[in-house]
1. Being buried (at least 17 other Cβ atoms within 10 Å of the Cβ) and under 27 Å from S275 (Cβ atoms): is that true of L139 here?
2. Being under 30 Å from Y73 (Cβ atoms) and either open to solvent by less than 30 Å² (accessible area, probe 1.4 Å) or hydrophobic (A, V, I, L, M, F, W, C) (or both) is the filter here; which residues of the stretch 255-278 pass it?
3. Can you pull out every residue in the stretch 105-126 that is open to solvent by 10 Å² or more (accessible area, probe 1.4 Å) and touching a strand residue (DSSP E or B) at 6+ places or on another chain (Cβ under 9 Å)?
4. Sort out which residues of the stretch 151-168 are open to solvent by less than 30 Å² (accessible area, probe 1.4 Å), within 17 Å of Q218 (Cα to Cα) and touching a residue at least 60 places away in the same chain (Cβ under 8 Å), and write them in order of number.
5. Identify, from the list G276, G235, G315, the residue that is within 23 Å of L329 (Cβ to Cβ), at pLDDT below 90 and not basic (K, R).
6. Any chance the stretch 24-39 includes a residue that's within 34 Å of the chain's Cα centre (by Cα) and either surrounded by 12 or more Cβ atoms within 10 Å (Cβ to Cβ) or free of Cβ contacts under 8 Å to residues at least 12 places away in the same chain (or both)?
7. For the stretch 77-106, how many residues are assigned to a loop (DSSP other than H, G, I, E, B) and either at pLDDT 75 or above or not acidic (D, E) (or both)?
8. Provide a single number: the residues in the stretch 169-183 that are more than 15 Å from V150 (Cβ to Cβ), in a helix (DSSP H, G or I) and open to solvent by less than 10 Å² (accessible area, probe 1.4 Å).
Amino acid sequence: MLTERQQRILAAIIYQYTQTAHAVGSKTLHDELYLDVSPATIRNEMSSLESANLIKKLHTSAGRIPSLEGYRYYLDHLMGSDTVSSEEIQSVARQIRGNFHELDELLDQTAKLLAKETGLTALVLKPKPINLKISSFQLIPMENRQVIAVLATSDGKVTSQTFRLPKELPLESLSSMVAYINASMVGRPVHEVLSLMTSEQLPVLLSRNIESPAAFLQLFGDVLARSVEETVHLGGRFNLLEVADDAYLDVKAARKILELFDSPDAVRHLAKAESGRVNIRLGDELHTPVLNDFAMLATAFTVGQDNSGVIALVGPMRMPYAQLSKLLLAFAQALDSKLIEYEA
């Protein structure tokens, strides 16, 4: 366990390195901390911190920088509370402006705003659509036996897809197909209808009401599945190239990271987000080699009790964690209030 003075010195090294990106020496610490001890005593304490692997020497510099273990000690023992005020939340909510017709539009703007505010890469993943319901379904005929299938869901999202009708599916049957879906499926949860399709209940129902049910089932199933596809909303993707901590990120490595962030499952696994607190994972704690020089801060925003989205920041190890944690919580709680509008 560190002494109080050692804790103060470690915190000061982390703060100073975060601000300047330069290794921190004993004289700087003496001037900054106003400790009633000599620079020589501070050097001795720094040696103890180095022996404990909490700080390390950067190349040939006389100063020291935090190690991954030093950052972890700071996050676990020294960093202040994550709580944010209602004024901070309202300030963020005022910045998220617009008449959003779709939830995806809201989350897309949120990711871009958070990235702009921090200079980091922001990721937002919407809550899994547990109670998502079908609002309407349309088929719009076009030339050469093409149709546009349009499905609206209860979160305001409109999913469309163009299909070429198979020869066995007569154009005249389109109106009866649309009428059947709107009469029997509107208002039902999407996951329930998808379950009906896989259990063969829906094909049986369709065969009693419309011609060529198999061909229509493929068309309807494709657009229905697309309506519940998850999307990672990414802001500041090129901020990844602005890495610090003496690390160089080449284009190939950046591409691998961005490909990773395109996967909703990967983002949920990396973030391990919880509502009301910020989870911070550093370097190899992310268990992903391409992120060894990075850190991720993540929290959850919620609709109801079990429906959680993820909002996260990715950047270099040298970040102002306390400041970013408060900002991330403010964004998450502002989203909580915004998303209530979509559930009403």
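The values are calculated or read from the model by the stated rules, or taken from the named source; none is laboratory data. All values derive from a computational prediction rather than experimental measurement. So basically every Cβ, Gly included, is an ideal-geometry build from the backbone, and we count neighbours across all protein chains shown. Heavy atoms of the whole protein, side chains included, go into the accessibility calculation; ligands, DNA and RNA do not. Shrake-Rupley method; radii C 1.70, N 1.55, O 1.52, S 1.80 Å.
1. On the way: buried (at least 17 other Cβ atoms within 10 Å of the Cβ): yes; under 27 Å from S275 (Cβ atoms): no.
No; evaluated as a whole, the condition is false for this residue.
2. Passing the criteria: I257, L260, F261, A266, V267, L270, A271, A273, V278.
3. Result: D108, Q109, K112, L113, K116, T118, G119, L120, K126.
4. Scanning the stretch 151-168 gives L151, T159.
5. Values: G235 fails: at pLDDT below 90; G315 fails: at pLDDT below 90.
The unique qualifying residue is G276.
6. The first filter runs over the stretch 24-39 and keeps only residues within 34 Å of the chain's Cα centre (by Cα), leaving 24.
Within this subset, residues satisfying the condition of being either surrounded by 12 or more Cβ atoms within 10 Å (Cβ to Cβ) or free of Cβ contacts under 8 Å to residues at least 12 places away in the same chain (or both) are 24.
Within the stretch 24-39, one or more residues are within 34 Å of the chain's Cα centre (by Cα) and either surrounded by 12 or more Cβ atoms within 10 Å (Cβ to Cβ) or free of Cβ contacts under 8 Å to residues at least 12 places away in the same chain (or both).
7. Initial filter on the stretch 77-106 (assigned to a loop (DSSP other than H, G, I, E, B)): 79-85, 96-102.
Now narrow it down to the ones that are either at pLDDT 75 or above or not acidic (D, E) (or both): 79-81, 83-85, 96-101.
Residues that pass the stated criteria total 12.
8. 1
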